[in-house]
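K.L.:
First, the structure itself, so that you have it in front of you.
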Amino acid sequence: MARGRPAPNIILGPVLYFRGEQGDRWWLSALFVLDGDAEPYDLRVDGVTLPVPPRHLAQWGNRHVWRFDFAIPRGARDVEAAYGFTDGASPGDIWAVTVPGRASSPRIAYVSCNGAEDEEKIAGLDAPRNALWGDLRRRHEGERFHLLLQGGDQLYADAVWRKPPLLSAWKKRTDAARLDEPFTPAMAEEAADFYFDLYLRVWGQPETAAVTARIPSVMMWDDHDIFDGWGSHPDEEMMSPAWRGVYAAARRHFSLFQLAAMEGAQPECVWGAPLDSFSQGFRLGDVGVLALDMRSDRTPRRVLSDRVWDALPEWLERFKGCRHLILMSSVPLLYLDTGVMERAVGLSPVRVGIEDDLRDQWRSPAHAEEWLRLIGLLAEFSRRTGCRVTSVSGEIHAGARAVLRGGGVEIWQLIASGVVHPPPAKATAFALEWLAGRKETLPNGYVFEMPAFPESGKRIIRQRNWLSLIFDGKGQIHARWSAEGQPNRYTQVI
């Protein structure tokens, strides 16, 4: 494309992505969506000697997606590195990112559930939609986070079956013949237009954009990034051309916006790319991060494919020598036994609407064997290497913690959600609180419990919340939940 001289007309961005630590360099990418086909100026980054050229990723209509890849040198201490378009741009087109010093311990924020199935539920809240994004932005001013983990449902795409006319008409039909009908080019265009516009609308909100421009993200997907319950619905729906076509559109746009990459050209941090998986891995000194893709291969009967299971032991070995491994599991690895509820719902002669939500859980009877296999694999790795494993998850729209102990191993589960999604009803929170009080001994001999928070005496944080993970000089994790309307943060030291 011909190089244009006007200042860039930014529709979305920058969105920062963490690509990994390599020696004394902090590798990042920045994504912009610009209006018009003029190639943008090179990006200027503090500490990077040469201007960073743009790479064109995609076009939809007159909107173009560009990516800039750069590595910022690290000094002895943390530095603020400014970046932006200094040629022909306004002062507002300059941003800053905190780059950790070589001896710094990582400071990580975690969010999930950035939306809701029904936007009217958010409108009914007393607080603004993005109040917690604003809180995270203010906290960043003091704590200067190095990394933002986004644990799934970065947007809620359920309206893909309600708003696009052709897809809506198909979904309203009840005849079996529709499941065999082709996914037409017109339907594909509707789906692509829907996902592209949704990312621009949700991520372009000022409070969210202020955070994602300043803290580089690692993002994993969950069902709402596709549509509600993807992977946990009956086979005849999952395999229909229409559902597969919409899934393909969601997958392309996840790759484009949440990984800043085209599907066939994933960055090196996407360890699962050869397996058609979006699983990612990183090492930050003696801290590892593993984000498991728990949607690409999901069916009502399984979560991970055989190929991913075969690769998982070798992926874990890459973290040998780490003091901590942060496992990103979109649904909690350690949580209530939902199997009793799922079996009760299964006895109902009519569909009650939560079947897919229950099958999503690791504790679903359909996934119980796989769940115990993963716990066993993580526990064996932790026991053998001395690396502590901590799972971070969202999905349940409340905050909580859990712990698994046995055989000299202790695995903590930290749950934080949602940063936007409304909290559960009081009756639901009461039921969760009651169920969480039960201590379990699992078939493999481990003991599992969900301890109460000393700050409240309760096991469930009902308010919207986000989580920070701060590593101290002793190598401990200080986990802190920032809950809406709560002056004191809930804590857990690991």
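The values are calculated or read from the model by the stated rules, or taken from the named source; none is laboratory data. The model shown is predicted, which means the values in this text are computed figures rather than measured ones. All Cβ positions, even for glycine, are placed from backbone atoms using ideal geometry, and neighbour counts span all protein chains on display. Only protein heavy atoms, including side chains, enter the accessible area calculation; ligands, DNA and RNA are left aside. Shrake-Rupley method; radii C 1.70, N 1.55, O 1.52, S 1.80 Å.
K.L.:
Just need a number here: residues in the range 399-426 that are modelled with pLDDT of 95 or more, crowded, with 24+ Cβ neighbours inside 10 Å and in a loop (DSSP other than H, G, I, E, B).
P.N.:
Final tally of qualifying residues: 4.
K.L.:
Determine whether the range 210-220 contains at least one residue that is of a type in the set (Gly, Ala, Ser), under 29 Å from ARG373 (Cα atoms), assigned to a loop (DSSP other than H, G, I, E, B) and under 20 Å from the mean Cα position of the chain (by Cα).
P.N.:
no
K.L.:
Continuing with this model, one more query. Regarding GLU236, is this residue surrounded by fewer than 17 Cβ atoms within 10 Å (Cβ to Cβ) and either of a type in the set (Ser, Thr, Tyr) or assigned to a loop (DSSP other than H, G, I, E, B) (or both)?
P.N.:
no
K.L.:
How many residues, within the range 172-192, are more than 15 Å from VAL160 (Cα to Cα) and open to solvent by less than 40 Å² (accessible area, probe 1.4 Å)?
P.N.:
Within the range 172-192, residues that are more than 15 Å from VAL160 (Cα to Cα) and open to solvent by less than 40 Å² (accessible area, probe 1.4 Å) number 2.
K.L.:
Next question. Please indicate, with yes or no, whether at least one residue in the range 295-318 is open to solvent by less than 50 Å² (accessible area, probe 1.4 Å) and farther than 20 Å from GLU370 by Cα. Working first, answer last.
P.N.:
First, pick out the residues of the range 295-318 that are open to solvent by less than 50 Å² (accessible area, probe 1.4 Å): 295-300, 303-305, 308-309, 311-312, 315-316.
Those still in the list that are farther than 20 Å from GLU370 by Cα too: none.
No, that holds for no residue.
K.L.:
When the residues of the range 473-494 are narrowed to those that are modelled with pLDDT under 90 and open to solvent by 70 Å² or more (accessible area, probe 1.4 Å), which ends up farthest from ARG137 (Cα to Cα)?
P.N.:
My answer is LYS474.
K.L.:
Quick check, is LEU57 under 24 Å from the mean Cα position of the chain (by Cα), open to solvent by 10 Å² or more (accessible area, probe 1.4 Å) and more than 30 Å from GLU395 (Cα to Cα)?
P.N.:
yes
K.L.:
Would the range 129-147 turn up any residue that is of a type in the set (Phe, Trp, Tyr), under 29 Å from ARG480 (Cβ atoms), in a helix (DSSP H, G or I) and touching a residue at least 12 places away in the same chain (Cβ under 8 Å)?
P.N.:
Yes, the range 129-147 contains at least one residue that is of a type in the set (Phe, Trp, Tyr), under 29 Å from ARG480 (Cβ atoms), in a helix (DSSP H, G or I) and touching a residue at least 12 places away in the same chain (Cβ under 8 Å).
K.L.:
Out of the residues in the range 60-78 that are assigned to a loop (DSSP other than H, G, I, E, B) and open to solvent by less than 30 Å² (accessible area, probe 1.4 Å), which is nearest to HIS146 (Cα to Cα)? Spell out how you get there, then give the answer.
P.N.:
So the first thing to find is which residues in the range 60-78 are assigned to a loop (DSSP other than H, G, I, E, B), and the list is 61-62, 74-78.
Subsequent filtering for residues that are open to solvent by less than 30 Å² (accessible area, probe 1.4 Å) retains 74-75.
Working: ARG74: 12, GLY75: 14 Å.
Per the criteria, the residue is ARG74.
K.L.:
Which count do you get for residues in the range 377-398 that are open to solvent by 30 Å² or more (accessible area, probe 1.4 Å) and either over 20 Å from ASP153 (Cα atoms) or among the polar types (S, T, N, Q) (or both)?
P.N.:
The qualifying residues number 7.
K.L.:
Do we have GLU117 as farther than 22 Å from ARG44 by Cα and without any contact (Cβ under 8 Å) to a residue 24 or more places away in the chain here? Show your work before the answer.
P.N.:
Details: farther than 22 Å from ARG44 by Cα: yes; without any contact (Cβ under 8 Å) to a residue 24 or more places away in the chain: no.
No: the conditions fail for GLU117.
K.L.:
Quick check on ARG251: is it charged (D, E, K, R), out of contact with any helix residue (DSSP H, G or I) (no Cβ under 7 Å at 6 or more places or on another chain) and within 19 Å of LEU198 (Cβ to Cβ)?
P.N.:
yes
K.L.:
Is it the case that ILE94 is surrounded by 13 or more Cβ atoms within 10 Å (Cβ to Cβ), more than 30 Å from GLY475 (Cα to Cα) and not small (Gly, Ala, Ser)?
P.N.:
For ILE94, the condition - surrounded by 13 or more Cβ atoms within 10 Å (Cβ to Cβ), more than 30 Å from GLY475 (Cα to Cα) and not small (Gly, Ala, Ser) - is met.
K.L.:
Can I ask one more? Going residue by residue through the range 429-450, is there one that turns out to be modelled with pLDDT under 95, open to solvent by 60 Å² or more (accessible area, probe 1.4 Å) and assigned to a strand (DSSP E or B)?
P.N.:
yes
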